[in-house]
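The structure appears right after this line, and notes come after that.
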Amino acid sequence: MKVTVSRKAHFNAAHRLYRKDWSFEKNDDIFGKCNNPNFHGHNYELIVSVTGQIDKETGYVIDMKVLKDIIKNNVEDAFDHKNLNLEVPEFKDLNPTAENIAVVIYNKIKPELSDNLDLEITLYETPRNFVSYSGN
Ligand code: NI
């Protein structure tokens, strides 16, 4: 019997979507307003979901205090109020799309969890646009 527990978190960050190896015109065609050279911000909403067996002693899949600290240390402290392109090393050469941000978050959190727990990241870039990644 497996149960999924989820915790929501939040961060504000700025980004610009572009490729250095493309002309401004091509970047403009593909990324539109997201190619604004002066960057723009989003209020990202994050849902971190952990799936596993209920521990017989504690009754938990994972202690939510532990999960909260993992998210704070690996995501909020690293991304909140940052310019993702300029200040977050993972995006130095990686376009900070919602898709890529979700993968980076997954790769930061997964090693912090026990091997028997599955992880899914859901990231809202706007209230209507969201992506999810579970390591596949
Ligand atoms: Ni954007």
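Nothing in this text is a laboratory measurement; each read-out follows from the coordinates by a stated rule. None of these values were measured; they are calculated from a predicted model. Cβ placement follows ideal geometry from the backbone for every residue including glycine, while neighbour counts extend to all protein chains displayed.
Residue check: SER6 meets all listed conditions (1) away from the ligand (no atom under 16 Å from the Cβ); (2) out of contact with any Asp or Glu (no Cβ under 9 Å at 6 or more places or on another chain); (3) polar (S, T, N, Q) but one, namely (2). Of these, LEU86, LEU67, which one is within 16 Å of the ligand (Cβ to nearest atom) and of a type in the set (A, V, I, L, M)? It is LEU86. The helices (runs of 4 or more DSSP H) found wholly in region 60-136 and carrying at least 2 residues that are over 18 Å from PHE11 (Cβ atoms) occupy 64-71. When you check TYR60 against the structure, is it over 15 Å from ASN95 (Cβ atoms) and crowded, with 19+ Cβ neighbours inside 10 Å, yes or no? Considered against the rule, which asks whether it is over 15 Å from ASN95 (Cβ atoms) and crowded, with 19+ Cβ neighbours inside 10 Å, TYR60 comes out as no. Scanning region 87-107 for residues that are in contact (Cβ under 8 Å) with a residue 40 or more places away in the chain and out of contact with any strand residue (DSSP E or B) (no Cβ under 7 Å at 6 or more places or on another chain) turns up PHE91, ASN95, THR97.
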